[in-house]
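Values in this text are rule-based calculations from the coordinates and carry no lab data. As the structure is a computational prediction, the values presented were derived from the model and not from experiment. Because the Cβ atoms are built from the backbone with ideal geometry, glycine has one as well, and the counts that use them run over all protein chains shown.
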Amino acid sequence: MEKKDLRIVYMGTPEFAVESLKRLVEGGYNVVGVITMPDKPMGRHGSVLQPSPVKQYAVEQGLRVLQPEKLKDEAFVEELRSLRADLQIVVAFRMLPEVVWSMPRLGTFNLHASLLPQYRGAAPINWAVINGETETGITTFFLKHEIDTGEIIDQVRVPIADTDNVGIVYDKLMMLGGTLVLKTVDAILEGNVKTIPQENLAEAGELRPAPKIFKETCRIDWNWGAKRVYDFIRGLSPYPGAWTELHEGPDRAVVLKIFESEKRFSSHSLKPGAVETDGKTYFRIAVSDGYLDVLSLQLAGKKRMAVSDFLKGYRYSEGMYVE
């Protein structure tokens with residue numbers, strides 16, 4: 001079968017999923033339908049509907065778009081069946097019911113942003129950086145009942161530099177993901193797929209999960225060591241942002257997000273969370289085995305800024321601390 005004859009249905013929502021769809025379209029593959037999330041209400045009263053990045057691209061390309069509220073809805077399932085897909089591809093979408101993922105004759109495969117079986121879950125890139133990993137990657141695998149557990153088709157390994165934040169790693173994996181999706185489709189077309197059960201790749205030790213990140217997940221614990229706090233900050237930068245409460249006085253605290261920092265190992269007698277600054281060039285926070293020098297930050301209601309700009313307009317008070 002030629003790639004122009006292979007009927008593909010693509011499923012995805014965020015920017016991360018656009019690159020793989022773009023590669024398919026530009027590569028001349030036959031994308032007969034795109035499934036994405038319903039438009040998201042925006043604005044003060046939710047009166048403005050914001051289409052997903054995948055929908056925006058699909059509409060620009062004249063592709064057929066389906067936006068089901070519920071994936072088990074009979075009308076949606078029938079419309080999906082009418083597309084007569086040979087293969088379905090899922091990139092950063094939702095958990096699919098069996099009636100959907102089992103539909104195509106060649107199956108449904110997913111692109112996941114980790115080296116499975118490690119970091120199964122909704123936020124694999126964040127957690128790999130938060131945990132100080134020096135390597136991550138991308139994986140394609142066929143879907144089955146349990147989420148992120150299907151047999152692996154292919155993987156690409158990617159180093160994580162100590163200075164990389166999650167945004168940098170995200171961009172690397174997004175671009176490589178587009179290449180891997182095409183390589184996987186070609187292998188399926190040619191009948192060259194040799195899948196590997198994830199259990200065969202499980203390394204010794206406990207599997208590391210990648211659960212969804214919520215606001216409280218992003219709060220910094222200043223009792224951690226410098227390396228752990230540093231990794232935590234870059235694992236949440238630039239989005240959603242690690243945060244803490246800056247106590248400016250006995251009865252005044254403000255939320256402070258930290259996007260960039262440097263770790264400094266040294267001994268001191270300060271309590272973790274104590275703030276030191278010269279009021280001009282540095283703003284550092286004590287941790288158990290040293291300090292975190294804050295390089296860029298954002299006060300609640302303000303813009304993100306370099307620490308030098310922050311200090312120009314900020315009045316330091318003795319005994320200031322974060323927690």
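Which of Ala306, Gly279, Cys218 sits closest to the plus end of the dipole of the stretch 216-322, meaning its Cα is farthest towards the positive end, when Lys and Arg get +1 and Asp and Glu get -1 on the C-beta?
Comparing the listed Cα positions along the dipole, Ala306 ranks first.
Over the chain, what is the mean sequence separation of C-alpha contacts under 8 Å (at least six apart), divided by residue count, expressed as relative contact order in percent?
13
Calculated FRET efficiency, Tyr282 and Glu98, Cβ-Cβ r, R0 45 Å, to nearest 0.05?
After rounding, the FRET efficiency stands at 0.20.
Return the Cα extents of the stretch 216-322 along principal axes one, two and three, sorted largest first, each rounded to a whole Å.
Cα spread of the stretch 216-322 along its principal axes, largest to smallest: 32, 29, 26 Å.
Please compute the contact order of the stretch 121-241 in relative form: average sequence separation of alpha-carbon pairs under 8 Å and at least six residues apart, divided by the residue count, as a percent.
39
Neighbour counts of other C-beta atoms within 10 Å: give me Glu74, Glu260 arranged from fewest to most. All intermediate terms of the calculation are to be shown ahead of the outcome.
Numbers: Glu74 9, Glu260 19.
Ordered from fewest to most neighbouring Cβ atoms within 10 Å, Glu74, Glu260 come out as Glu74, Glu260.
Taking the Cα centre of the stretch 216-322 as origin, sum charge times position over the Cβ atoms of Lys and Arg (+1) and Asp and Glu (-1), and report the length of that vector in debye to the nearest 20. Present the calculation step by step, with values, prior to reporting the outcome.
Details: 16 positive and 14 negative charges, 55 e Å.
Dipole about the Cα centre, nearest 20: 260 debye.
Across 5 Å bins from 0, what is the distribution of all Cα-Cα pair distances for the stretch 50-121, in whole percents?
3, 13, 21, 24, 22, 11, 5, 0
Past 25 Å, Cα to Cα, is the threshold; run Lys3/Lys55; Lys4/Lys40; Lys3/Lys70; Lys144/Lys215 against it and keep the listed order.
Lys4/Lys40; Lys3/Lys70; Lys144/Lys215
Report the per residue volume, in Å³, of the convex hull enclosing the C-alpha atoms of the chain.
Numbers: hull volume 51.3 nm³, N = 323.
Taking only Cα atoms, the chain has a hull volume of 159 Å³ per residue.
Only bridges whose two residues both fall in the chain count here: according to DSSP, what percent of them are antiparallel, nearest 5?
Among the beta bridges of the chain, antiparallel pairing accounts for roughly 70 percent.
Let's see if you can work this out: charge +1 on each Lys and Arg Cβ, -1 on each Asp and Glu Cβ, no other charges. What is the dipole magnitude of the chain about its Cα centre, in debye to the nearest 20?
640
Please arrange His247, His45, His268, His112 by counting, for each residue, the other beta carbons lying within 10 Å of its beta carbon, fewest first.
Taking fewest neighbouring Cβ atoms as first place, the list is His45, His268, His247, His112.
In the stretch 232-263, which residues have a backbone nitrogen under 20 Å from the label point lying 7 Å from Leu295's Cα in the Cα-to-Cβ direction?
In the stretch 232-263, the label zone of Leu295 (backbone N under 20 Å from the point 7 Å along Cα→Cβ) covers 232-244, 256-263.
Treat the count of other C-beta atoms within 10 Å as a stand-in for reagent exposure and order Phe310, Phe141 from fewest to most.
Ascending Cβ contact count within 10 Å gives the list Phe310, Phe141.
Among all the aspartates and glutamates, which ones have a C-alpha under 16 Å from Lys263's C-alpha, if same-chain residues fewer than 8 places away are not counted?
Answer for Lys263, where 16 Å is the Cα cut-off: Asp162, Asp164, Asp221, Asp231, Glu276, Asp289, Asp293, listed by chain and number.
At what distance in angstrom do the alpha carbon centres of the stretch 99-133 and the stretch 46-68 lie from each other?
That distance is 23 Å.
Expressed as a rounded percentage, what relative contact order does the stretch 216-322 have, with Cα pairs under 8 Å and six or more residues apart?
Relative contact order for the stretch 216-322 comes out at 28 percent.
Through the Karplus equation 6.51 cos²θ - 1.76 cosθ + 1.60, θ set to phi - 60°, convert the phi angles of the stretch 104-115 into ³J(HN,Hα) values in whole Hz; use x for Gly and Pro.
x, 5, 9, x, 10, 10, 10, 9, 10, 8, 7, 8
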